[in-house]
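Okay, so here's the structure we're looking at.
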Amino acid sequence: MEEHRSAPMRRNRNLLSIPDRIGEIVGIFFMLLIAAFFVYHQTTSTGFMTARFGLTATLLFYGSFALSIVTSGARAILGRRDWARPFELASNVFTFVAAMWFLKVFPFDFAHLADPLPIAVRFILSWITNSIGYLIILFSAIVSIIVAIVNAVRIFLDWI
């Protein structure tokens, strides 16, 4: 009897409620705001993105944002986590590759991260040094590959 009750519960976890779907849309809005913050850095040459931040870095950096937005959009539109997992897997793998490339090249100068903010609120980001930024990127690489593996297993289990 336990197995019979757990199967429908497992399927129900794949369904997104209306508040979950709205949350995905809100998440897209915040990802776009964060991306705009970095676009401002890049277009106004604040110094955060160094000379090493070329075409490859641009594609990897903003590609990670784009794939995350597509993943959230797929969940919001489809209303199911399982149907959006392939998008999430692609996003996780792409983010891992991008993070590994950024760790190797490190085209950032975190001393300038807070520069676009008003002086009164720069303290929010001004404490992030290059060393801390490196650790954040490393953490991102570790988390994204772990989540990619979990998603690959979930996709496999959904198929069987």
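Observations, loosely collected:
- Cut-off under 5 Å, modelled amide H: who pairs with D109 long-range: M49, T50
- Candidate membrane-span-like segments in the chain, meaning DSSP H helices with Cα atoms spread over at least 30 Å of their own axis and a Kyte-Doolittle mean of -1.0 or above, are 18-44, 55-78, 81-105, 130-159, with no membrane implied.
- Gaussian network model of the chain, Cα within-10 Å springs - most flexible of A111, A90, A99: A111
- For the chain, the relative contact order comes to 26 percent (Cα pairs under 8 Å, sequence separation of at least 6).
- A DSSP coil position with no more than 16 other Cβ atoms inside 10 Å describes the following trypsin sites (Lys or Arg not before Pro) in segment 48-90: R52.
Throughout, read-outs are computed from the coordinates displayed, never taken from laboratory work. Since the model is a prediction, treat every value here as computed from it, not as a measurement. Here the Cβ is made from the backbone with ideal geometry for all residues, glycine too, and neighbour counts use every protein chain on show.
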